[in-house]
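Student: This is the structure I have questions about; it appears just below.
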Amino acid sequence: MSKKLKTGVIGLGRIGRIHLSNLIYHMPDAEVIIASDVSPESLAFATELGVPEVTTDAYDVINHPDVEAIIICSPTPFHVPYTVAAAQQKKHIFCEKPLDVTIEAILAAEKAVNDNGVKLMLGFNRRFDTNFINVRHLVKNDKIGNPHILRITSRDPAPPPVEYLKISGGIFLDMSIHDFDMARYIVGSEVKEVFVKGDALIHPEIKEFGDIDTAVIVLTFENGAIGVIDNSRKAVYGYDQRLEIFGSKGMAKAENNTTDNLVRYDNDGGHIALPLHFFLERYETAYRNCLKSFIDCIQNDTPSPVDAHDGLMATAIGIAAMKSLTENRIVRVDEILELSQI
């Protein structure tokens, strides 16, 4: 392998542009030699950043003889086909979440990766946020004791367009999936059972295609801990991202990031800055750290920090959550895995 990791990027939408910019401006151990997208505007963006070759065909990236690693930022239905094709070409793969919305497709991708001896990392960027890393370290180092209760609040500042929601895969596989991965990561245990209550309180019309925008999710972990996640597609005060873990020895919590920590008081009370507006601002550094971890694991030949199994379990929890909502019952994650003949 060359000293600088030669990479190709597939998909130059919002996330793809973040990864491309981070590779070019913040990853001295990598270089981008080709990028693909169907949009001429996106290709022009890549050219302006200095990418020497652009194309409308993703397979030009996958089949490029000099590419060693591929960053997949395409729409979800293309994640597994591109992952399998890249693995067969002996390319390492970084793929945005979710790997897929079905267990069967994720297993096919995992098999291709294992059969071809390449690394696959999924873009669960919140694992690489400094606050959440510190909380995980406290749990791992027994500073909290045995985990008893996990609380995650994850609320977006505004819902995406209804047209996007129609093809998003639903709130659990589009939005909550980050929280499912974070829950496993923080507690250090697999989720055993899922129970959900939810409704479409912001856009009632999305119930017509089986989606919701407000949910409370209760998780039971294999180690006995209990988790509660609350999700909303619209928090008028900004991007609300908070986490708390309570255990036998104490508690740790991560609050929202704000532009400053100033508190101003007047006769109307105290005033503080609102949370950072959305995920691009809140997780700017986490995106960078996530991608750097991918490059490091290739160059140092260490295991992927977030592998296909992590993607499998987050998706399985998401499917269980939807089943719980529609059937109004507790759903075991094993049910979902058994249905897929695992």
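Student: Which of 311, 295, 251 sits farthest toward the positive end of the charge dipole of the stretch 231-311, with +1 on the Cβ of Lys and Arg and -1 on the Cβ of Asp and Glu?
Tutor: Value computed over the given set: 251.
Student: Roll a 1.4 Å probe over the protein chains and send me the accessible area per residue for the chain in Å².
Tutor: Values: 15430 Å² over 342 residues.
Result: 45 Å² per residue.
Student: Once you keep just the Cα pairs under 8 angstrom separated by 6 or more residues, what percentage relative contact order results for the chain?
Tutor: On the way: 691 pairs, mean separation 63.8, N = 342.
Once normalised by length, the contact order is 19 percent.
Student: Can you tell me how the stretch 258-341 classifies by the Cα gyration tensor, rounded, prolate or oblate, using a/c under 1.5 as the rounded cut?
Tutor: Working: a/c = 4.85, a/b = 1.38, b/c = 3.52.
It is oblate, given that a/c is not under 1.5 and a/b is not larger than b/c.
Student: Using a/c under 1.5 as the rounded threshold, could you call the stretch 104-236 rounded, prolate or oblate? The axes a ≥ b ≥ c are square roots of the C-alpha gyration tensor eigenvalues, and prolate needs a/b larger than b/c, oblate otherwise. Walk me through the intermediate numbers first.
Tutor: Details: a/c = 1.89, a/b = 1.23, b/c = 1.54.
Since a/c reaches 1.5 but b/c is at least a/b, the shape of the stretch 104-236 is classed as oblate.
Student: Then there's this: Assigning unit charges at the beta carbon (Lys, Arg +1; Asp, Glu -1) and nothing else, what dipole magnitude in debye, to the nearest 20, does the stretch 1-53 show about its Cα centre?
Tutor: With Lys and Arg at +1 and Asp and Glu at -1, about 200 debye.
Student: Then there is this: Work out, step by step, the length gained on full extension between residue 216 and residue 47: first 0.36 nm times the residue separation, then minus their alpha carbon distance; give nm to one decimal.
Tutor: Details: separation 169, 0.36 × 169 = 60.84 nm, distance 4.40 nm.
Result for the pair: 56.4 nm of gain on full extension.
Student: Okay, moving on. Under a 1.4 angstrom probe, counting protein chains only, how are 57, 181, 230 ranked by accessible area, largest first? Show your work: numbers first, answer last.
Tutor: Working: 57 65, 181 0, 230 30 Å².
The most accessible residue leads, giving 57, 230, 181.
Student: Per DSSP helix of 4 or more residues, -39500 (n - 2.57); summed, then divided by the residues of the chain. What does that give at 222 nm, rounded to the nearest 500?
Tutor: Details: 13 runs with 131 residues, N = 342.
Computed mean residue ellipticity for the chain: -11500 deg cm²/dmol.
Student: Given the C-alpha centroids of the stretch 198-222 and the stretch 290-305, what is the distance between them in whole angstrom?
Tutor: Measuring centre to centre over Cα atoms gives 35 Å.
Student: Something else: Per q in 0.16, 0.19, 0.23, 0.25 1/Å, what log10 I(q)/I(0) does a Debye calculation on the alpha-carbon atoms of the stretch 3-101 return?
Tutor: -0.57, -0.82, -1.23, -1.44
Student: Mind listing the Cα extents of the stretch 126-179 along all three principal axes, in Å, largest one first?
Tutor: 45, 22, 16
Student: Here's another thing I want to ask about it. If you put +1 on each Lys and Arg Cβ and -1 on each Asp and Glu Cβ, how big is the dipole of the chain around its Cα centre, in Debye rounded to 20?
Tutor: Value, rounded to 20: 820 debye.
Student: Between their Cα atoms, which of 3/140; 119/140; 6/143; 140/192 are more than 29 Å away from each other? Walk me through the numbers before you get to the answer.
Tutor: Details: 3/140 34 Å; 119/140 25 Å; 6/143 41 Å; 140/192 20 Å.
With Cα atoms farther than 29 Å apart: 3/140; 6/143.
Student: While we're on this one: Might you report the magnitude of the Cβ-based charge dipole of the stretch 111-161 about its Cα centre, with Lys and Arg at +1 and Asp and Glu at -1, to the nearest 20 debye? Intermediate values should be presented prior to the final figure.
Tutor: Values: 9 positive and 4 negative charges, 18 e Å.
Dipole of the stretch 111-161, to the nearest 20 debye: 80 debye.
Student: Find which of 180, 33, 105 sits farthest along the positive direction of the dipole of the chain, computed with +1 on the beta-carbon of Lys and Arg, -1 on that of Asp and Glu, about the Cα centre.
Tutor: The listed residue farthest towards the positive side: 180.
Student: Take the alpha carbon gyration tensor of the stretch 294-342, find the square roots of its eigenvalues, order them as a ≥ b ≥ c, and report rounded if a/c is under 1.5; if not, report prolate when a/b exceeds b/c, else oblate. Show your work: numbers first, answer last.
Tutor: Values: a/c = 5.40, a/b = 2.94, b/c = 1.84.
Prolate shape, in that a/c is at least 1.5 and a/b is the bigger ratio.
Student: Kirkwood hydrodynamic radius, the chain, all distinct C-alpha pairs: what's the number in Å? Could you put the intermediate results ahead of the total?
Tutor: Values: mean 1/r = 0.0477 Å⁻¹.
Roughly 21.0 Å, rounded to one decimal.
The values are calculated or read from the model by the stated rules, or taken from the named source; none is laboratory data. Every value quoted in this text rests on a predicted model; they were computed, and no experiment measured them. A quick note on method: Cβ atoms are made from the backbone with ideal geometry, for glycine too, and the neighbour counts reach across all protein chains shown. The protein model used for the area step is the full one, side chains on, heavy atoms only, and it has no ligands, DNA or RNA in it. Shrake-Rupley method; radii C 1.70, N 1.55, O 1.52, S 1.80 Å.
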